[in-house]
Each structure stands twice: as structure tokens, then as C-alpha cells.
Number of protein chains: 2
Amino acid sequence: MSVLVVGSTALDSIKTPVSENPRLLGGSASHAAVAASFFSPVSMVGVVGDDFPKKYLQLYKKHKIDLQGLQIIKGKTFHWSGEYELNMNNRRTLTTELGVFETFTPHLPQRHKDAPYVLLANIAPSLQHHVLDQVNRPKFVMADTMDLWLNIALEDLLKLLKRVDAFVLNDSEAHLLTEERNILTSLKKIHKLGPKYVIIKKGEHGSILSGPSGLFIAPAYPIKCVTDPTGAGDSFVGGLLGYLASVGGNVEKNLRRAIIHGSAVASFCCEGFGLTRTTRVTRAQINARVKELEGMVRL
Amino acid sequence: MSVLVVGSTALDSIKTPVSENPRLLGGSASHAAVAASFFSPVSMVGVVGDDFPKKYLQLYKKHKIDLQGLQIIKGKTFHWSGEYELNMNNRRTLTTELGVFETFTPHLPQRHKDAPYVLLANIAPSLQHHVLDQVNRPKFVMADTMDLWLNIALEDLLKLLKRVDAFVLNDSEAHLLTEERNILTSLKKIHKLGPKYVIIKKGEHGSILSGPSGLFIAPAYPIKCVTDPTGAGDSFVGGLLGYLASVGGNVEKNLRRAIIHGSAVASFCCEGFGLTRTTRVTRAQINARVKELEGMVRL
């Protein structure tokens, strides 16, 4: 079954102590859509300016991503630039130029309105709502977010949480949202806000799923060298939902394995700048890491 | 089969922002021996002063710990005092009074020399060597350590690593020892120093086992409230080796499940000051957490 992804479509300029990488393909929707495309047909909703490189459109198409919902309008593509410290954990934003995103309203093409799996990748909660308003009874809706929206659009986000099946956030965001350091108490509070499933991402320490059948503690795939973690969280949710859509059936039954698939794709994302590594990976390479991860949790 | 534990036997005074707990039973050997005692017969090698409270000897005996190797000599018992910050992660040592440990030389009673499982809990590497010198071809030897010995007794420790089957350390110690932030590279370097099995403890993020059959990424048992993490690492290795000794047979085959048992005991340790919670736990309660942990990693 197919996945509808909404999120940001951006150009990322990523600086590290050893290199500068200007205007890479980035944004939560780009990462999530490419990740999901390894498993399921994907359609993407977003906006780019007329400065958006054609080669990036080709890259989406190479991954068979349906671009009917991608608006290309006059103006500048959303541009983010950031700098990582040597340990690749701490990053600071240098500039954020919203460009065409400033006035973006997602319009769903008719054929996307029946998407069974909807991924509300990281973007303003008001836009996530806007997409949800246009879809017809999807089978499963998952939302991601970031600290920015917790700080400036909390009310919108809280309303969104009542409309989604699964909510994904990282550990520091969970702390920010619930004011709880303890992960169990934090999970409990987030469930009370609405979502049946909550997934807390912990970077290199993996992730925790909480749902009706209890906790699942998933490892991150350990990699030798982190080149650029930008988009790893988006790749994780994209791979996760793409896998879930590909197997269909009972979500509860497949969600754990879906998380392992998300972790595998996210590990590739970290091995190159932007999407450079992810877009060169094969399904067989992903499957190999999934198999390794399964071996790493087997008793 | 039985486990021989050597390590420190101490009185711990533990201060937190909410309470003071003077002269609790502590020390790596105390925590490890009690943890192991849930699964196997345990004998302990250590030293205490004549100020050592009788009730603590009774506590060891309640856990059927063989104390023939525990020297009780004139002088003061090793005393450590420390203070935790509110988040219970950062602690600072207030005082360390070595007392009778200053001149301690472990002497193994004859009947301990054939112990099949030997746990060299955290103590000066020279004392760990001293115990190893006295045992006859044990089946499995595991050593724990702490940053102090990496800083002041590295040479002794490096020699020890060539004599043990398994080496346990935490992530910051692995970084200190190998000067590597990446856990895979770090593990590789530690294996080269000798041990067939390396276990890196990551606190609330669980642990990683590296051995001939690859990696095992184990979760920590998530608890609602951390009262006092002192001794959790010692409880982890004690529970681990106690379980391993109880099942006997092939180490490779049982080590993963042993780690889960270690995690379960360590979680109880964190729920009370010193050994107050661990010494009140039943094997059935431990088994229940083991079962829960197994459920948390099941795909």
C-alpha cells in the first residue's frame, strides 16, 4: 500500500569541522519519502522554489516518488544551514530562510486523498493539520515534530496529537513536552495527549516504542563513522512507515519490525552528507542491516 | 556451579538532594555477591575492619554467601562517601578512607581455589591479579573496573586483560581506555588487548556485548524512579555471572540471557539506597523483570 508524506522540502548547507556541503537536497519530506520508497509507493506533498535544482527532482523520480503534490512556485526554496561540532552530536543553526514555505498551503491532488498510510513528517503542526483535513479515513497516521514547534506552536501540536495514531519525538523533545526526565512517566503523559503509539528516538541509543502491547526497546544500527546525522530521524520514520505500508495488515503485529527497518535506513543516512548515501543504497543492503539488527537483539 | 567474587567491601555514605544515608553496606563485592546469590552459591573474598556492623555480616549470610575468604581485621572498614545531583546521573566523591584496604592482600581459602566462575569485581587490578594467581584453571573469568584504575594502574590493568575471558567497563571508561568515541572501533581495540568478550555498560541506555557471535545490544530495565544508582554496575556483573554459573554449559550460548538477568538485578539495585532494595528482592520478582525485558526486545 502507498504512503503519503508531507513535510519540508529544502536545500541544506551543512558544515562540519572537515568539510562544507552547500545546497544539498534536504528537508524532512525528502528524507522520509526517499526512505519510505525502498518499501512502498510514495507520494510527497511540499513546495519548492523555481531555484530548485532539476537534478533533485530527478532524484525523487529515480525513487518513483509521486510528485503531483509537490508545488513548484516562483521564489526561493526553503534553505537551512547548520554547523556540526567535531563529535557530530552538537549542531547549531546558522541560517533559516523560509522562502516559498512562508506562504505554503498544502493542496492534496485527488488521488492522494485516499492514501492509507500518512506520514506527517516534521513541519509546522498547522500544515500537518491541513493535510489531515484533506485525507479520507487513512488506515494509519504518524506524526513527527521538532523542538521548534513545541516552543512556538504547542497548541496546534496538542490538537494534532488527538488526531494521529502514532507520535514520534526525540528524548529531549519528550522532556520539553512533558517536563519529565523519566522516560516511563514521560511516555504515560504523552499517551494521555492522544496517540496510541509513542516512539521516543534516542539517536545512537536507539528508540523506544510504547503501545498497547507494552514497550519495545530497539537498538540503533551501530556504524563506524557518522558523517552527517541530518535527516536520520526523518529517514527513520520514513523507513518505518514505508515498511509498515508494504506489509499491510495488523499494525500492532508489524510495528516492531518496522522500527528495525527504520533504524536500518537511518544508519545509511548518517553515513553520507544529506541524502547522498541513502539515495545510493539498495533494498538488499537495507535488508542485510535489518538482518544484522535482528541478530543483535536475539536472545 | 559456584561463583567466587573478589572486590571491595565497604561502608558507603550516600547523599542526595533529598536525603542522607550514612554507612550503608556497599562496595563492589557486596553488590556483586548479593546479586549473584540469587542464582548460584557465592563465596566472597575481601576485608573489613572490626567496626564492620554485625548486621551486615548477617545480611551476607542471609544470602548464603560463603564468608571464609572475608578477612575481619583490626582497623576501619573502607569508607566511601559521595553526593548525587538531582538528576542522579552526576555524582562526586566527598571522601575515600581506605582503612583496612590499604594493606589488604587477598588469601583464598583452599576450597575457593577451584571456583569455576570467577568475578573480579571493581578493585585495584593488582588485587584482581592476586586472586587469579591463586585459582586453578577456572572455567570463566570476568573482570570489571573503574576510571580510577585506568588513570593510576593502567599497566596492571592491561596485564589483567590478557588473563580474563570477559571484560566489563562503562562507555566513558571505554573512551578513556581506547581514546575512541565510536563504540565499534573502541570494542575492536579492547578485544585486541585480550578479552574474548567485552561488555560496555551504558547506564539507562543498556549495554553492548561483543564476542565471537557478534554484537548483542541489551536494554536496561526501565524503572519509574532512580533512588540510588550506586552499585548498579556491580549488581549487573554479579547477576550476570551468577546466572551464567547457574546454567553452566556453553558460555557463548547463555551470555545474552545472562546479561538480561544482570540488567534485571541492577534495576532493583537502583530502586533503593545501597543494597536496601536488592536484599529484599525475591528470585520470582527478578524472573518477572527478566520476562518483561525479554518481551521488550522480542520482534
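Here the relative contact order of region B:219-287, from alpha carbon pairs under 8 Å that lie six or more residues apart, stands at 42 percent. Once a ≥ b ≥ c are taken as the square roots of the eigenvalues of the Cα gyration tensor of region B:9-119, is the result rounded (a/c under 1.5), prolate (a/b larger than b/c) or oblate (a/b not larger than b/c)? Verdict is prolate for region B:9-119.
Between the residues A:A266, B:G295, B:Y221, the greatest Cα displacement towards the positive end of the dipole of the protein assembly as shown, with unit charges on the Cβ of Lys, Arg, Asp and Glu, is found for B:G295. Quick one: if the Förster radius is 60 Å, what FRET efficiency do A:K61 and B:A284 give, using the C-beta to C-beta distance and rounding to 0.05? With a Förster radius of 60 Å, E is 0.50. The C-alpha radius of gyration of chain B, expressed as a fraction of 2.2 N^0.38 Å, stands at 0.92. For region B:167-184, the Karplus equation 6.51 cos²θ - 1.76 cosθ + 1.60, evaluated at θ = phi - 60°, returns couplings of 10, 10, 8, 8, 4, 6, 5, 4, 5, 4, 6, 9, 6, 10, 7, 6, 5, 5 Hz by residue, with Gly and Pro reported as x.
Around A:T93, under 14 Å between beta carbons, what's the net of Lys plus Arg minus Asp minus Glu among the other residues? Don't jump to the answer; show the numbers that get you there.
Details: positive: A:K15, A:R91, A:R92; negative: A:D12, A:E83, A:E85, A:E97, A:D147.
Overall, the nearby charge balance is -2.
Distances between copies at B:E180, taken between label points 7 Å from Cα along the C-beta direction, are 3.8 nm in increasing order.
Translational diffusion of region A:253-299 was estimated from the Stokes-Einstein equation, with Rh taken as the Kirkwood radius over Cα pairs; at 25 °C and 0.890 mPa s the coefficient is 221 µm²/s.
In region A:87-111, comparing the full protein assembly with the chain on its own, the residues that lose 10 Å² or more of accessible surface at a 1.4 Å probe are A:N87. Seen through its C-alpha gyration tensor, with square-root eigenvalues sorted a ≥ b ≥ c, the protein assembly as shown comes out prolate because a/c lies at 1.5 or above while a/b is bigger than b/c. Couplings 3J(HN,Hα) of region A:139-150, computed from phi: 6, 8, 10, 10, 10, 10, 7, 8, 4, 3, 6, 5 Hz, in residue order, whole Hz [Karplus 6.51 cos²θ - 1.76 cosθ + 1.60, θ = phi - 60°; x for Gly and Pro]. Largest to smallest in accessible area, the residues B:Y243, B:Y117 fall in the order B:Y243, B:Y117 (1.4 Å probe, all protein chains included).
Remark: label point of A:G248 defined 7 Å out from Cα along the Cα-Cβ vector; separations to the same position in other copies 5.3 nm, ascending.
Remark: accessible area buried at the A-B interface is about 2200 Å², both chains counted, probe radius 1.4 Å. Give the residue list of GluC sites (Glu not before Pro) in region B:143-200 that are DSSP loop and have at most 13 other beta-carbon atoms within 10 angstrom. Here the sparse-neighbourhood loop sites are B:E179.
Each stretch of four or more DSSP H residues adds -39500 (n - 2.57); spread over every residue of chain A, this sum gives -11500 deg cm²/dmol at 222 nm.
What number comes out for accessible area per residue over the protein assembly as shown if the probe is 1.4 Å? Units Å², please.
41
Since only A:S8, A:M146, A:V281 are under comparison, the one whose Cα sits farthest along the positive direction of the charge dipole of chain A, derived from C-beta charges on Lys, Arg, Asp and Glu, is A:V281. As a length-normalised measure over Cα pairs under 8 Å and 6 or more apart, the relative contact order of chain A settles at 19 percent.
Taking 20 Å as the cut-off, the amide N atoms of region B:139-181 that come nearer than this to a point 7 Å along the Cα-to-beta-carbon line of B:K113 belong to B:139-141. Interface residues of region A:182-201, defined as those losing at least 20 Å² of solvent-accessible heavy-atom surface relative to the isolated chain (probe radius 1.4 Å), are listed as A:N182, A:L184. When B:T105 is represented by a point 7 angstrom out along its Cα-to-C-beta vector, the spacings to that point in the other copies are 8.8 nm, nearest first. Normalising by residue count, region A:114-254 has a Cα convex hull of 115 Å³ per residue.
Please state the charge dipole magnitude for the protein assembly as shown, taken about the Cα centre, from unit charges on C-beta atoms (+1 on K and R, -1 on D and E), reported in debye and rounded to the nearest 20.
The dipole magnitude comes to about 1900 debye.
Basic side chains Lys and Arg get +1 at the Cβ, acidic Asp and Glu get -1 at the Cβ, and with that the dipole of region B:139-194 about its Cα centre reaches some 340 debye. Using Cβ point charges alone (K and R +1, D and E -1), the dipole size of chain A about the Cα centre works out to roughly 960 debye. Indicate the gyration tensor shape class of region B:72-124 (rounded, prolate or oblate), computed on the Cα atoms with a ≥ b ≥ c the square roots of the eigenvalues: a/c under 1.5 is rounded; otherwise a/b larger than b/c is prolate and the rest oblate. It comes out oblate by the Cα gyration axes. By accessible area, using a 1.4 Å probe on protein heavy atoms only, chain B has 51% of its surface on carbon and sulfur. Amide H contacts of B:L108: none lie under 5 Å away among residues 5 or more positions distant or on a separate chain (H built 1.01 Å from N in the peptide plane; Pro and chain starts excluded).
Quote the FRET efficiency, to the nearest 0.05, computed for A:K54 versus A:E97 with a Förster distance R0 of 22 Å and r equal to the Cβ-Cβ distance. Computed FRET efficiency for A:K54 and A:E97 comes out at 0.60. Taking θ as phi - 60° and the Karplus parameters 6.51, -1.76 and 1.60, the scalar couplings of region A:44-52 work out to 10, 10, x, 8, 9, x, 7, 8, 5 Hz in sequence order, x denoting glycine and proline.
Backbone amide hydrogens, once placed in the peptide plane, bring A:L24 within less than 5 Å of A:D12, A:S13, A:I14, excluding anything fewer than 5 places away on its chain. Mind listing, in residue-number order, the residues in region B:246-294 that have at least 50 Å² less accessible area with every protein chain present than in their own chain alone (1.4 Å probe)? Going by heavy-atom accessible area, the residues of region B:246-294 that drop by at least 50 Å² are B:R256.
The values are calculated or read from the model by the stated rules, or taken from the named source; none is laboratory data. This is a predicted model, so every value here is computed, not measured. Backbone-built Cβ (ideal geometry, glycine too); neighbour counts: all protein chains shown. Note: accessible area is taken over every heavy atom of the protein model, side chains too, but ligands, DNA and RNA are not part of it. Shrake-Rupley method; radii C 1.70, N 1.55, O 1.52, S 1.80 Å.
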